[in-house]
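Note sheet for the following structure.
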Amino acid sequence: MAVLMSALSRQFSDEHHGVVVSIISSDSGSGIAKLFEKEADIAAASRDLTEAETHTAEARGLRIKKVMIARDAIAVIVNPKNQLAMLTIPQLRSIYLGEKKSWKDFAGPAKPIKVLARESASGTSRYFKEHVLDKQDYAAGDEVISSQDDVLKRVAADPYAIGYVGMVESKQAGTSVKVLPLKLMDASPQAVIPSQETLVADYPLGRPLYLIYDAGPRSTTKKFVDFCTSPLAEKIIKEAGFVGVR
């Protein structure tokens, strides 16, 4: 969400002279932790709070509020040389759980699948585990990568790799990676590629994007959150490649 938040903050600062919004890029877990430590006023997160985080906030007397500002999707990517046409969610699960280890299992070459995952603090990783892996852990052979940029670079360089990133990041990568259409299950009518048009109704891995904040005395925090749900912010969100909430 870093690029999106930077665009929103620039517009907000133009309209509220003297209010500076500082953006620190990190994963969702780190942002929420900084919010709880009062090192940040707002955490931009691609996931909801965990049960443990909710208990921590309550124990510290924080009045945590959550606002959805946009919708995104997780894109599954392979190298452009990969001839795979699509995957079902059960097939994707079998790859990340280590049940299918060769591209031969998907009518490809007899080469090992290089599986790239994200670290546990990542909101993208948490969503992937919940909605693809049924809350199971990655297989022992899966390689955990610390950033979406690194996943994109690794997949672009390795014809036998598979990974996942945000929809917007996958589009910004252009032809260096190939985004796979997905089907929820074998019986689903067709495989769908993530886009602003398919995300809300058809694509199986759409997700909400939140602003999480402490509803304390800082009036500028609430002003910024309110701005991020305004019609002008919605326009910026769509121009950035995400789907609005209106």
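Coordinate-derived values only; no laboratory data. The model shown is predicted, which means the values in this text are computed figures rather than measured ones. Ideal geometry is used to build each Cβ from the backbone, glycine not excepted, and the neighbour counts take in all protein chains shown.
Below, the figures for the structure above:
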read-out	value
Cα centroid separation, region 1-38 to region 141-170 (Å)	25
Whichever lysines have a C-alpha closer than 18 Å to that of Lys65, once near sequence neighbours (fewer than 8 apart) are set aside	Lys34, Lys38, Lys222, Lys223
Computed helical MRE - 222 nm, the chain, DSSP H runs ≥ 4 contributing -39500 (n - 2.57), nearest 500	-9500 deg cm²/dmol
Likely footprinting exposure, Phe227, Phe128, fewest C-beta neighbours within 10 Å first	Phe227, Phe128
Total charge dipole magnitude, region 124-198, about the Cα centre, Cβ charges on Lys, Arg, Asp, Glu only, Debye to nearest 20	140
Positive dipole terminus of region 72-183, leading residue within Pro181, Ile95, Ala85 (C-beta point charges)	Ala85
Charge context of Lys238, other residues only, Cβ under 13 angstrom, K/R +1, D/E -1	-1
Span-like helix ranges in the chain, DSSP H, alpha carbon extent 18 angstrom or more, Kyte mean at least -1.0	2-15
Rel. contact order, % - alpha carbon contacts under 8 angstrom, at least six apart, region 72-183	46
Summed residue charge, Cβ within 15 Å of Lys153's Cβ, Lys/Arg positive, Asp/Glu negative	-1
Residue (of Val144, Tyr203, Pro159) at the positive-pole extreme of region 108-218, dipole from beta-carbon charges	Pro159
Over region 72-183: Rg over Rh, Cα atoms, Kirkwood Rh	0.91
Total charge dipole magnitude, region 1-133, about the Cα centre, Cβ charges on Lys, Arg, Asp, Glu only, Debye to nearest 20	640
Dipole-positive endmost among Val19, Ala2, Gly31 within the chain (Cβ charges, Cα centre)	Ala2
Dipole magnitude (debye, nearest 20) for the chain, charges at Cβ of Lys, Arg, Asp, Glu	280
Cβ-defined net charge surrounding Lys65, 11 Å radius [Lys, Arg +1; Asp, Glu -1]	+2
Long pairs among Lys104/Lys129; Lys81/Lys111; Lys66/Lys171, criterion Cα-Cα beyond 23 Å	Lys104/Lys129; Lys66/Lys171
Per-pair calculated FRET efficiency, R0 = 22 Å: Lys34 and Ser6 via Cβ, rounded to 0.05	0.80
